[in-house]
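Take a look at the structure set out below.
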Ligand SMILES: [Zn+2]
């Protein structure tokens with residue numbers, strides 16, 4: 001709960017070029033690992049971006065951020081978590 005972010009990539013991506021600088025969550029960061037399984041810990045901006053990315057990836061909805069695929073393992077973990085919430089809300093709405 002109290003972990004801090006490991007240093008993320010510089011804006012030019014030089015620190016960790018395998019992850020895009022505008023990733024919602026990075027890999028190999030303890031705090032981002034936590035957020036990948038605890039969506040309620042995200043601020044509103046990141047939660048919105050993660051939700052929009054999940055809609056694009058999982059449902060073929062409009063791409064608003066990052067393209068129609070997850071770019072880090074933690075984005076994928078968070079996306080699957082949010083997709084489960086999405087499916088549950090769709091089922092209960094019937
Ligand atoms: Zn982090």
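At-a-glance table
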| item | result |
| --- | --- |
| Hey, residue 50 within 14 Å of the ligand (Cβ to nearest atom), within 21 Å of residue 5 (Cβ to Cβ) and touching a helix residue (DSSP H, G or I) at 6+ places or on another chain (Cβ under 8 Å) or not | yes |
| Which listed residue, of 38, 43, is surrounded by 12 or more Cβ atoms within 10 Å (Cβ to Cβ), at pLDDT below 95 and within 16 Å of the ligand (Cβ to nearest atom) | 38 |
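The values are calculated or read from the model by the stated rules, or taken from the named source; none is laboratory data. Source: prediction; values computed, not measured. FYI the Cβ positions are ideal-geometry reconstructions off the backbone, even for glycines, and counts take in every protein chain you see.
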